[in-house]
Every structure is written in C-alpha cells, then in structure tokens.
1. Residue check, residue 220 against (1) under 28 Å from residue 152 (Cβ atoms); (2) at pLDDT below 85; (3) more than 31 Å from the chain's Cα centre (by Cα); (4) surrounded by 14 or more Cβ atoms within 10 Å (Cβ to Cβ), all met but one. Which one?
2. Which of (1) closer than 22 Å to residue 77 by Cα; (2) at pLDDT 80 or above; (3) outside the structural domain of residue 365 (by TED's automatic domain parsing) is the odd one out, the single condition residue 257 does not satisfy?
3. Being in the same structural domain as residue 118 (by TED's automatic domain parsing), assigned to a loop (DSSP other than H, G, I, E, B) and either out of contact with any helix residue (DSSP H, G or I) (no Cβ under 8 Å at 6 or more places or on another chain) or surrounded by fewer than 23 Cβ atoms within 10 Å (Cβ to Cβ) (or both) is the requirement here; does residue 139 meet it?
4. Filter the stretch 433-457 for residues that are surrounded by fewer than 22 Cβ atoms within 10 Å (Cβ to Cβ) and either touching a helix residue (DSSP H, G or I) at 6+ places or on another chain (Cβ under 8 Å) or part of a loop (DSSP other than H, G, I, E, B) (or both) and give the result.
5. Go through the stretch 366-395 and give me each residue that's touching a residue at least 60 places away in the same chain (Cβ under 8 Å) and in contact with a strand residue (DSSP E or B) (Cβ under 6 Å, 6 or more places away or on another chain).
6. Could you check how many residues of the stretch 133-150 are in contact (Cβ under 8 Å) with a residue 60 or more places away in the chain and on the phi > 0 side of the Ramachandran plot?
7. Within the bounds of the stretch 55-70, is there any residue that is farther than 18 Å from residue 306 by Cα and either in contact with a helix residue (DSSP H, G or I) (Cβ under 9 Å, 6 or more places away or on another chain) or at pLDDT 85 or above (or both)?
C-alpha cells in the first residue's frame, strides 16, 4: 500500500473514532421564530429550554413551513413559499438529499423519505434503495415510510406497499387514512374501525383497539389511536409508559420509536412514553412528529419547534439564505446574506465555530476553516497543529483552505496579487511562486493559482501529475486531491493528474461550457476523486468517482466539493448538500 494512502486511512479512522467519542447525547429545545430581529430575512434560530433562550444558527430553511414530518434521526418540512423540501438531522444521508421541486406532502421514515409532488407523483430518496427502486407507478394521496418498506394510499382508498419483499404485504381493505410504523402498519376504514398488518399479513387488533376511531399512529412496537370522542388509547410494548395516554381529547397524534405525542383540542401539546419529551413547548400547533428521542411541532403561524435529543442536529431546523457555501472534510460553512458565517457538521476541533464577525468569503478545510472579514483580514478557526489556522497579517481578496487531505494548509491572494500559503510544508507547498494572481486553490499537498494573464501556476507535490498545469489561458482553477481542474477561456474544462482516475465515461469532464468548478475527494485515498461544475445555464454536472450526478432543470449559482460532501446554492440562496460517497443525485 502506498505510504500516503496508508497514512490517509489512519487519519480517517482516527477522525472517525474521535467523532464517535465526541458525538454524545444532547438535549435541547430549538425554535424558529419568523421575522425575528438579528436573523435572516425570514428566520431567526433560537436554542432554548422552556425557560430561557440563546441564539443557535444552523443550515438553510427560508420561510415558514406548511407541513412537517419527523423520522428516526432526521426531520423534513415543506416551505410555504414554494413547496420545496428542507430536511435536517442525520439518517444515513437522507437529511441532505431532498429532491428539488414543489410538493404537497413529505414523510420521513427510518432511513428514507418520500414525498408527493403537486401532480400526485411520489418520489422517494435516502439510504434504503429497496424503497426507491421498487416505487410503484401511479398517484397516491398519502404515503408512509417504515423500515425497508413504504405504503401509499390511493384516491379510491386502496393501499399498496413496496420495498423489501418480506415486508410489503398489502391489505385488501379500503382506508380513509393509514399510518406506517417500523415493521407494521394500521389504517382507519370507512366505518371508522381499525385494521392492521405486518409482513405476515393482516393482524388482529387487541381488545383495547375495538370501537370507532378518527386516526391512528404506529410507532416502533406500539400504536395509539384517537377514538371518535377524541380520547386516546394505546397498545403494544412499553405498556408501563408508552401506553399510558393522558386524559383529555386530541385532534392529532404521532407515534415515534418509544413515545407518542399529540395535539390536544385546545391545540397544545402532550407527549408520553419518553421522559425527555414530556416537557413540551408552549403554543398552538397544527402538526406534530416524533422520532427517536426527539419531536418537532408545526405551530399555527408556520414556525417549527423541536426538542429532545440533538446528537445529529435533528432538533435544529435549518434556516437562512446564503451568498456562498463551502464544503470541507466533514463540515460545511455558509456565508449568509448579512455577512455572518454559520457552519454545521463535525466540530471535533472547533471548525464549525466561527467568530462573531462579518465576512466577504469563507473556505472550509479538512478540520479548520478560514474566512475573509469585511476589512480584508483573514480569520481562521479549528485545528491549528500544522499552523494552518495562523493567518498572516495583511489585506486579502480570496482564501482557500484544503478541504480533504492529510496535509493541512491554507493559501490566500493578497490585495496586491501576491499568494501566501501557510500550514503543512511536507512538499514545499507553502512556497508559492512570485507573481500577480487572481485566485488560488489548495488541496493541501499542492496548490494552483490563476495568474493575471490567465495562465496557471501549480506547486507542491506532483506524484500524480497534479502540479503539471496545462498551457493556455483560463478563467478559474480548482485543486483537488491528487488532481486539478480548470475552466479554459470559452468555458471548456480541463483536468490533469490522478493516474488512477477511472476510465469509464464518468471520468472525463463533459464537453459543455462551464462557469464554475470545484475539485474535491481524498477522504478515501487515491481511489476517490470528484469534481463538479456549473454549466453556463446554471445546471450541475459532476465527474470522476461522483460522475453521473447532474441536473437538467434545477439552476444553481455555486458548487463546492469537499472530502465526502457536495453542496450547491440554488438561485434563492438555499444550500443543498449530499454525500459524494453515496453518489446520491439531487
């Protein structure tokens, strides 16, 4: 095994172990307040307990929500303004991969999610390929997602389930509504009785479930239903806690992993089964969702409030509108329209904790981040073991932090056109050449810069040919892990380096004209390279090991490729991120 590959694998393993140790359980309450002062145009994020509040910014969600759904470790909501989907939390890559478009409903499951668009067409995405690949044709009026399966209700009341064959038993009943749990599902029939089923077929409802009901909610190993008189009854496991529904009448309920929450007739909340959720936020609500140790509610004014466990950020609904986004090794940072920088993802070394200042640009590295403040000075935060966060004095116009590599480095273009680099110098990569430059891009082991005359100069490691810049004039350059790409005058993309680049059709850049590119990769050694670019019409195309990702109708203004993450900004300034390793398209 190549020495650099071996050291890179050791670094990834070490970072993973540190992350697992650091990613402990957190409990919090987070509220989105529409139009609050000091925040973005539509949202201000606040982290709070029921008795206090502090500011807590996160990723992007502009406008109020019209619909909410909570999965095991992630949640999704529909924006009222345009019907688009925003998701947050973890969930095996689900949170960062909602499809673009206008939707009328969305449902979050265990590791996948489904949504019904404005034409009644269902689309599913996430970790479980069985749900996506076996999606049946036809329109649905509602859909539910469980563990490795999903069920949809058609306009005639029939139900169809799909996913893994052993979990897709479809009942012959007609239903007015259905609820899909982890491994079983229930529905309300036209005569208001309940019918339930699992992978063995239709099941017999317990005696406590006899009578007439208006709705039902199925969790992991329990279920609850609202009777015709508004009272709630529950059955299944966790009988000592989960089944003890509170007194009173309810208009809506949702069951999670081992807890249930409901909206009372006076629109207040009540939760039972999990002590961490029992203290609910005040206010009037119209929707409720319950996941694994956390819950979210949609208030009548369209604001979203979440509380409970927050180990994946699932209790922090994303917010904001951005001018720029930058994907690093395991974190992402964005420059908001008001000049503030917010970051999310791994924060092992404080790389997601920017200073309270106004910035004009930000660049996320592997385990550190740098940004240019409004006065042209550079501020860096996060890991500094190689000196990569010790920025030199002076006034700068652009900064680049190495996003995914063993070699932690930062480079920047000074206002007089000179390039300065600092951090790891294993390959003499901090020795930037003299000259006048317009932009610089560093991958950590090498760097490339665009000179004032449009030619490219590269320096540092050249073991893959990544520093052998081609001749000609260029508009932009981006240095990746063991390779580099640049946009020639006229828009054509040229890449060089990476002797082990795949030889299939996804390896070479498309022949279209591009206006922006970003090269990344490196989290998995030499065998992983990825670059993405924006065509002149704003559509996205990717090549290398992430080849095949593209859009034909969704327009973007910026793309950023990190170690294992790709992020784009749409024309409204909203970020969309997904895992490059999972090769999940938009």
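The values are calculated or read from the model by the stated rules, or taken from the named source; none is laboratory data. Note that the structure is a prediction, hence the values are computed from the model and not measured. Neighbour counts run over all protein chains shown; Cβ positions are idealised from the backbone, glycine included.
1. Checking residue 220 against (1) under 28 Å from residue 152 (Cβ atoms); (2) at pLDDT below 85; (3) more than 31 Å from the chain's Cα centre (by Cα); (4) surrounded by 14 or more Cβ atoms within 10 Å (Cβ to Cβ), the one that fails is (3).
2. Here residue 257 clears every test but (2).
3. It is true that residue 139 is in the same structural domain as residue 118 (by TED's automatic domain parsing), assigned to a loop (DSSP other than H, G, I, E, B) and either out of contact with any helix residue (DSSP H, G or I) (no Cβ under 8 Å at 6 or more places or on another chain) or surrounded by fewer than 23 Cβ atoms within 10 Å (Cβ to Cβ) (or both).
4. Matches in the stretch 433-457: 433, 434, 435, 436, 452, 453, 454, 455.
5. Result: 367, single match.
6. Count: 0.
7. No, there is no match, as no residue in the stretch 55-70 is farther than 18 Å from residue 306 by Cα and either in contact with a helix residue (DSSP H, G or I) (Cβ under 9 Å, 6 or more places away or on another chain) or at pLDDT 85 or above (or both).
Condition check ((1) at pLDDT 90 or above; (2) within 20 Å of residue 573 (Cα to Cα); (3) touching a helix residue (DSSP H, G or I) at 6+ places or on another chain (Cβ under 8 Å)) across all residues:
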site	(1), (2), (3)
296	no, no, no
306	no, no, no
313	no, no, no
338	no, yes, no
358	yes, yes, no
369	yes, no, no
389	yes, no, no
394	yes, no, no
